[in-house]
2 protein chains.
Amino acid sequence: MKVLSVLKNVPEDLQQWLDEKYPSLEFRYCHGMKEGEPFLEEADILVTYGEDLDKEKIEKAVNLKWIMVMSAGMDRMPFEAIRERGVLVTNVRGIHAQPMAEYAIGMFLQNAKRMKELHLQEKESRWNRRLEFQEMNGHTMTLLGTGAIASETARLAKCFNMKTVGVSRSGEAKKHFDEVFRIDQLTEALETGDYVTAVLPSTEETRGLLRKEHFEAMPAHAVFLNMGRGELVSTDVLLEAVQEGLISHAILDVMEEEPLPAEHALWREENITVTPHISGITSRYLPRGFEIFDRNIKAYIENETMENVIDLERGY
Amino acid sequence: MKVLSVLKNVPEDLQQWLDEKYPSLEFRYCHGMKEGEPFLEEADILVTYGEDLDKEKIEKAVNLKWIMVMSAGMDRMPFEAIRERGVLVTNVRGIHAQPMAEYAIGMFLQNAKRMKELHLQEKESRWNRRLEFQEMNGHTMTLLGTGAIASETARLAKCFNMKTVGVSRSGEAKKHFDEVFRIDQLTEALETGDYVTAVLPSTEETRGLLRKEHFEAMPAHAVFLNMGRGELVSTDVLLEAVQEGLISHAILDVMEEEPLPAEHALWREENITVTPHISGITSRYLPRGFEIFDRNIKAYIENETMENVIDLERGY
């Protein structure tokens, strides 16, 4: 069985690992689709980031049985052509869960432990212990979203002895959440949140979902963190919420306009922390993707249930 | 039974909570020992920070059966007089475990997620995503110490899917530690540490324990954090270790000289983070101490095993 990878710069050790683990498979690593295209015809399995496929390539790949997409986003996949050919698609959904959950916990601890103030004091060589240090312990984290990233964040929050409250479309009970509210109970859910984490994707339903009344519902000491999509809440609402003291701090890894222009007011608001959409960045992206690939190869060969199989009708 | 508290500023809600919970006990809250001394004679139980007792006061407290010390340090307790009288002593050992474990995880995440760099970029309104973001996940935390604080830190590290290695006098296996080394295997233990956390008390054995050779043993990417006692390692060794690249970063909440003078070189070293001995500070100190007190009152009344009973011979 032939495996064609068109990922650029796959480290030697990852290549070697799979080569040695699956001697019955023939792996070919090409530096991008241009280099890989001549081998599409013979490939049984294709490994791609999913942004380099079209109807023609799918048609050319007459032996193709499985496309392993090394990405969580699938916007540019030619699903119709894939569906017609009945090719299996899997992706690496959840690959951002660990770095993003670490980001969320880290940023909340930055706030609780006053690390920005400590950093400024350090720059001034100033020994001052009179800051209001908080604990995560015993507080409540309210998460908008209950998917892979929110769940991993909730799992860590539970480790810190926090209560976790989720908000999802269905309101269905979920592991790592003490309670889950339906989206139409959003206000009620936000009232519980000492730490509020938004990890919602951008859909028609979520665009502009959070309005000023929602920040009014949060406790005044609440810290709001958005690492989902910037469209969830307008910049104006965020600025008002913080300036009027409806919440104590906002941490934004995503915002309406990215990159955030240098002159934007968000940069200069003391109680807003801006990071440049980095929560999901990790040096372990490919190794982790290859671990999913490895488990799926094993499942594929042994005809067992594979991870992250994509519903070709829905496209996710 | 009469309970005398000589703690200053005990919040009303804590007083009321115990009053209502134990109607058979008679609680008296005095603002310090001076105000409380007239009531020593009738007290069965004394609640103190443990810094205001002497032989005379113990002799005066003829009815005293139990001293609840709302502190983890017991340096100023007149243990000989207490021993002679056979008075039970308990303290709040471990009360710093949660805030200090949160501090350690928070500071390591500050380093892994490049929060200081992000903070500086934010101050310059600069959107730059090209930083080397790390994960805690999958790495090893080596802890010098396996007591309450180290254990709580190790527990959290395990939640982040880290491997945990402890170093203790005995090398005895302990919960939350994947492996424990004896102190004479210190070098070996340090070789494993991506993140090294020191939580050792100051004793003759630990003073100056870490020398340059120990930093040479750590991986060059290691991040070293000391929140135990500053005497563990000299400032000169720390500066050399960082300046010569033996480790990548040092995070110091304790140091040889505290407060650290403004002109000290530690403040100005880019790869050293100094915080002003704040890891244990928490607004939840008294509530948490009173929770221990509550459990111990219950155990005392019901003649069950109490927490944190002090060995009067050893004094801890």
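Yes or no: region A:143-151 includes at least one residue that is assigned to a helix (DSSP H, G or I), more than 12 Å from chain B (Cβ to nearest Cβ) and not aliphatic (A, V, I, L, M).
Yes, region A:143-151 contains at least one residue that is assigned to a helix (DSSP H, G or I), more than 12 Å from chain B (Cβ to nearest Cβ) and not aliphatic (A, V, I, L, M).
Only one of these conditions is not met by B:Phe290: (1) open to solvent by less than 20 Å² (accessible area, probe 1.4 Å); (2) closer than 17 Å to B:Leu239 by Cβ. Which number is it?
(2)
Within region A:288-316, work out how many residues are touching a residue at least 12 places away in the same chain (Cβ under 8 Å), among the β-branched types (Val, Ile, Thr) and in a loop (DSSP other than H, G, I, E, B).
Looking only at that region, the number is 1.
Can you give me the number of residues within region A:154-170 that are out of contact with any Ser or Thr (no Cβ under 6 Å at 6 or more places or on another chain) and touching a residue at least 40 places away in the same chain (Cβ under 8 Å)?
So the answer is 3.
So B:Asn308 fits all but one of (1) within 25 Å of B:Thr197 (Cβ to Cβ); (2) of a type outside the set (Val, Ile, Thr); (3) surrounded by fewer than 16 Cβ atoms within 10 Å (Cβ to Cβ); (4) more than 14 Å from every other protein chain (Cβ to nearest Cβ); what number is the exception?
All conditions pass for B:Asn308, except number (3).
Among the residues of region B:47-55, is any surrounded by 20 or more Cβ atoms within 10 Å (Cβ to Cβ), under 24 Å from B:Glu307 (Cα atoms) and over 26 Å from the mean Cα position of the chain (by Cα)?
Scanning region B:47-55 turns up no residue that is surrounded by 20 or more Cβ atoms within 10 Å (Cβ to Cβ), under 24 Å from B:Glu307 (Cα atoms) and over 26 Å from the mean Cα position of the chain (by Cα).
Go through region B:29-44 and report how many residues are without any contact (Cβ under 8 Å) to a residue 40 or more places away in the chain and surrounded by 15 or more Cβ atoms within 10 Å (Cβ to Cβ).
The total comes to 7.
Got a sec? Which of A:Glu256, A:Glu231, A:Glu240, A:Glu205 is free of Cβ contacts under 8 Å to residues at least 40 places away in the same chain, more than 13 Å from every other protein chain (Cβ to nearest Cβ) and touching a Gly at 6+ places or on another chain (Cβ under 6 Å)?
Among A:Glu256, A:Glu231, A:Glu240, A:Glu205, only A:Glu256 is free of Cβ contacts under 8 Å to residues at least 40 places away in the same chain, more than 13 Å from every other protein chain (Cβ to nearest Cβ) and touching a Gly at 6+ places or on another chain (Cβ under 6 Å).
So if I check each of A:Glu152, A:Glu172, A:Glu117, which one is more than 22 Å from the chain's Cα centre (by Cα) and either in the same structural domain as A:Met218 (by TED's automatic domain parsing) or charged (D, E, K, R) (or both)?
Exactly one of A:Glu152, A:Glu172, A:Glu117 is more than 22 Å from the chain's Cα centre (by Cα) and either in the same structural domain as A:Met218 (by TED's automatic domain parsing) or charged (D, E, K, R) (or both), namely A:Glu117.
Applying the selection to region B:115-142, what residues are at the interface with chain A (Cβ under 8 Å from one of its Cβ atoms), without any contact (Cβ under 8 Å) to a residue 40 or more places away in the chain, under 20 Å from A:Met107 (Cβ atoms) and outside any helix (DSSP H, G or I)?
Residues satisfying the conditions are B:Ser125, B:Arg126, B:Trp127, B:Asn128, B:Arg129, B:Leu131, B:Glu132, B:Phe133, B:Gln134, B:Glu135, B:Asn137.
Do we find a residue being aromatic (Phe, Trp, Tyr), touching a Leu at 6+ places or on another chain (Cβ under 7 Å) and open to solvent by 20 Å² or more (accessible area, probe 1.4 Å) anywhere in region A:14-22?
No, that holds for no residue.
Of everything in region B:152-164, what is within 14 Å of another protein chain (Cβ to nearest Cβ) and not aliphatic (A, V, I, L, M)? Give them in sequence order.
B:Glu152, B:Thr153, B:Arg155, B:Lys158, B:Cys159, B:Phe160, B:Asn161, B:Thr164
Out of all the residues in region B:69-80, is one or more aromatic (Phe, Trp, Tyr), touching a Leu at 6+ places or on another chain (Cβ under 6 Å) and open to solvent by 20 Å² or more (accessible area, probe 1.4 Å)?
yes
Which ranges mark the helices (runs of 4 or more DSSP H) fully within region A:9-111 that have 2 or more residues being among the polar types (S, T, N, Q)?
In region A:9-111, A:12-21 are the helices (runs of 4 or more DSSP H) which contain 2 or more residues that are among the polar types (S, T, N, Q).
Considering each of A:Ile58, A:Ile67, A:Ile82, A:Ile105 in turn, give the residue that is within 14 Å of chain B (Cβ to nearest Cβ) and either free of Cβ contacts under 8 Å to residues at least 60 places away in the same chain or under 20 Å from A:Ile297 (Cα atoms) (or both).
Of A:Ile58, A:Ile67, A:Ile82, A:Ile105, the one residue that is within 14 Å of chain B (Cβ to nearest Cβ) and either free of Cβ contacts under 8 Å to residues at least 60 places away in the same chain or under 20 Å from A:Ile297 (Cα atoms) (or both) is A:Ile105.
Sort out which residues of region B:261-287 are open to solvent by 50 Å² or more (accessible area, probe 1.4 Å) and acidic (Asp, Glu), and write them in order of number.
Those that are open to solvent by 50 Å² or more (accessible area, probe 1.4 Å) and acidic (Asp, Glu): B:Glu263, B:Glu270.
Could you tell me whether A:Asn91 is open to solvent by 90 Å² or more (accessible area, probe 1.4 Å), assigned by TED's automatic domain parsing to the domain that holds A:Arg288, within 24 Å of the chain's Cα centre (by Cα) and not aromatic (Phe, Trp, Tyr)?
When the stated conditions are applied, A:Asn91 does not pass them.
The values are calculated or read from the model by the stated rules, or taken from the named source; none is laboratory data. Predicted model only: the values in this text are computed from it and were never measured. So basically every Cβ, Gly included, is an ideal-geometry build from the backbone, and we count neighbours across all protein chains shown. To get the accessible areas, we keep the full protein, side chains included, count just its heavy atoms, and leave off ligands, DNA and RNA. Shrake-Rupley method; radii C 1.70, N 1.55, O 1.52, S 1.80 Å.
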